[in-house]
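The values are calculated or read from the model by the stated rules, or taken from the named source; none is laboratory data. Keep in mind the model is a prediction, meaning the values are calculated, not measured. Glycine gets a Cβ as well: all are built from the backbone with ideal geometry, and neighbour counts include every protein chain shown.
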Amino acid sequence: ACGPQSSGGPTATIPKPRKGASIRLLQWTSFVKPADEEFKRQAAEWGAANGVTVAIETVTGDQLQPKTAAAVEASSGPDIIQMQYAWPQLYTDACLDVSNEVNILIGKLGKPDPVNEAYCKVNGTWRAIPYTIVPNAWTYRTDDFQQAGVTSFPKTWDELTSAAAKLKATGKPISQTDGHAYGDSLTMWNPVLWGFGGKEVNADGKTVAINSKETRDAIRWAQGAVKAGLVVHPEWLDPDNNQAYHADRISGTLNGASIYIREKIEFHHYTDVTNNAPMPSGPKGTFAMNLIFNHAVMKWSPDAETAKAMLLALMDKDQYMKWTTVASGYNAGPFDAFHNDPVFSADPKLKAFQDVVAPGKWPGWPASPSKKTAQSQTQYIVADMFGKALANGGTGDVEAAVAAAETSLKAIFERP
């Protein structure tokens, strides 16, 4: 385990890189490839200026967790690992205290985003440095919607059911994964659950609450939507809905901005007839969940100070906004100073991705992020519950789906 290293604040000290050091950083492969190229360019530039050899390894989001878990188990590996969602809560003992560095950034950039903070701060200690928000909103074909008689994107889940029926009749359905997609499945089914008042666990983080009328209301809405025409794909991982959209097989899907961005800068097939919309509302309000990444400096790093210095340099406002500009609206910054990033105002079609940041929650909400909520997230308990109920055209056994989720959640939250 790693104890606190610094209280930060007025006594914060600037970490200094060691000339001759080597730093390895592991993170996911962005769906907007130029963003990765810019990140690597900045890291290499910093390394050259400071006499540090920097190696950036990118893997798919599906590979990131097993690689992280293997490094933690071996207590060896990259100096810096990109943490998805609440992984700093899951791998706390492997992550060094970076409170000093986060406080330096707060002094320069203002308050961190509350979701990034909730993920990174474990028992009052920062175990990762806030890095980015990948907002998830709905991308849809305006021409397909108009052809089906749907004049705008649905503002409620019930309106989505009606729209899905009309779109399916045209042969271009609204489609979404209900499988083990770390981004698109979690950011769909958690907000649906919350929008109807359901929750995995109470705010105490101990009492499992999934077995409720509100959970059943959410599932029955989903079953009705699938029966009406929403097409769910348990086999889809995060790239699959992107590919289906670009191949003209679907009319709408929940995703990061990458579908729209790649149409705009790469494919140029449906740019003019693609738009984006925020999450629909349920009876209990509007909720969103976004893909969140933060950077942890690992306890086994022989050059932790150098690693911290590099991360601070990459979070410098000018450097960071060069990166978000290249990312073209796929990434939002996790501090106040980034909230008016001109990359979003430059294209009105990106506004939806700004709009979903504020209502964003985390797996396990309303409980605070914890090791247990992270375990539930990595086991896809909520997504699996919906997946079971949506099997066979939305005719799965609701009670069996809820019971299975309750059993799995109790094994995590209510064990001694």
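Scanning the range 10-36 for residues that are touching a strand residue (DSSP E or B) at 6+ places or on another chain (Cβ under 7 Å) and under 21 Å from Lys299 (Cβ atoms), we see that the one that is surrounded by the most Cβ atoms within 10 Å (Cβ to Cβ) is Ile23.
Flag: Thr325 matches the condition of being surrounded by fewer than 20 Cβ atoms within 10 Å (Cβ to Cβ), over 20 Å from Lys111 (Cβ atoms), of a type outside the set (Asp, Glu) and without any contact (Cβ under 8 Å) to a residue 24 or more places away in the chain. Considering Ser328, Ser368, Ser345, which residue is modelled with pLDDT under 95 and more than 30 Å from Lys168 (Cβ to Cβ)? Step by step, each of Ser328, Ser368, Ser345 is checked, and only Ser345 is modelled with pLDDT under 95 and more than 30 Å from Lys168 (Cβ to Cβ).
Within the range 143-200, the set of residues being part of a strand (DSSP E or B) and more than 26 Å from His269 (Cα to Cα) comprises Thr156 only. Scanning the range 186-209 for residues that are buried (at least 24 other Cβ atoms within 10 Å of the Cβ) and without any contact (Cβ under 8 Å) to a residue 60 or more places away in the chain yields one hit, Gly198.
In summary, helices (runs of 4 or more DSSP H) completely within the range 305-416 and bearing 2 or more residues that are farther than 22 Å from Ala181 by Cα occur at 317-327, 342-345, 351-355, 398-413. Only one of the numbered conditions (1) buried (at least 24 other Cβ atoms within 10 Å of the Cβ); (2) in contact with a helix residue (DSSP H, G or I) (Cβ under 6 Å, 6 or more places away or on another chain); (3) closer than 30 Å to His339 by Cβ is violated by Phe353, and that is (2).
Quickly run through the range 116-130 and pick out the residues that are of a type in the set (A, V, I, L, M, F, W, C) and either surrounded by fewer than 24 Cβ atoms within 10 Å (Cβ to Cβ) or in a loop (DSSP other than H, G, I, E, B) (or both).
Result: Ala118, Val122, Ala128.
Looking at Asp36, is it modelled with pLDDT of 95 or more, part of a loop (DSSP other than H, G, I, E, B) and touching a Ser or Thr at 6+ places or on another chain (Cβ under 7 Å)? Against the criterion (modelled with pLDDT of 95 or more, part of a loop (DSSP other than H, G, I, E, B) and touching a Ser or Thr at 6+ places or on another chain (Cβ under 7 Å)), Asp36 does not qualify.
Residue-by-condition table, conditions (1) under 21 Å from Lys388 (Cβ atoms); (2) in contact with a Gly (Cβ under 9 Å, 6 or more places away or on another chain):
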| position | (1), (2) |
| --- | --- |
| Lys166 | no, yes |
| Lys172 | no, yes |
| Pro191 | yes, yes |
| Ile210 | yes, yes |
| Gly229 | yes, no |
| Pro239 | no, no |
